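Below: the structure, in structure tokens.
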Amino acid sequence: MRIYMDEVINAVCLHMADRKGVQPTEVEVELAWDEEYGYTAEVWVQGRSQFLIEANLLEAIEQYVLRQYGMRAFRSQITLGLDDEIWADIAV
């Protein structure tokens, strides 16, 4: 199963909204890939910025796949990739 950038962003929005106790619409996310840091995201919640590393993104995707698709995926089953956009392959 593959989810594309929009769903990866939704996963991070939902995850951060849960953690910060806000509505998902109050969360802004910008995904990035860097040779030094790998896959990251900059997240804005209530005017404050926070950087997430790949492990945080995998956690968000893991929870998103469970909630939205009812499928239990472990981090070892999720692979992030980059073509024109960032995507995640989930082997379940």
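The values are calculated or read from the model by the stated rules, or taken from the named source; none is laboratory data. This is a predicted model, so every value here is computed, not measured. Heads up, the Cβs are rebuilt from the backbone with ideal geometry, glycines too, and the neighbour counts pull from every protein chain shown. Accessible surface areas use protein heavy atoms only, side chains included; no ligands, DNA or RNA. Shrake-Rupley method; radii C 1.70, N 1.55, O 1.52, S 1.80 Å.
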(Q) Need pairs with beta-carbon distance below 7 Å; first residue assigned to a helix (DSSP H, G or I) and within segment 57-76, second open to solvent by less than 80 Å² (accessible area, probe 1.4 Å) and among the polar types (S, T, N, Q); sequence gap 6+ or separate chains. (A) TYR64/ASN10
(Q) Is it the case, given these coordinates, that ALA17 is under 15 Å from ILE86 (Cβ atoms) and either exposed (fewer than 15 other Cβ atoms within 10 Å of the Cβ) or among the hydrophobic types (A, V, I, L, M, F, W, C) (or both)? (A) no
Q.
What's the total number of residues in segment 1-14 that are surrounded by 14 or more Cβ atoms within 10 Å (Cβ to Cβ) and free of Cβ contacts under 8 Å to residues at least 40 places away in the same chain?
A. 2
Q. Could you list, in sequence order, the residues of segment 46-56 that are open to solvent by less than 80 Å² (accessible area, probe 1.4 Å) and either assigned to a strand (DSSP E or B) or within 18 Å of TYR4 (Cβ to Cβ) (or both)?
A. SER49, GLN50, LEU52, GLU54
Q. Mind checking which residues of segment 1-27 are of a type in the set (Val, Ile, Thr) and within 24 Å of VAL92 (Cβ to Cβ)?
A. ILE3, VAL8, ILE9, VAL12
Q | Number of the condition not met by GLY81 [criteria: (1) open to solvent by less than 20 Å² (accessible area, probe 1.4 Å); (2) of a type outside the set (A, V, I, L, M, F, W, C); (3) touching a Ser or Thr at 6+ places or on another chain (Cβ under 7 Å)] | A | (3)
(Q) Restricting to segment 20-37, and then to whatever is in contact with a Cys (Cβ under 9 Å, 6 or more places away or on another chain) and aliphatic (A, V, I, L, M), can you tell me which residue is most open to solvent (accessible area, probe 1.4 Å)? (A) VAL29
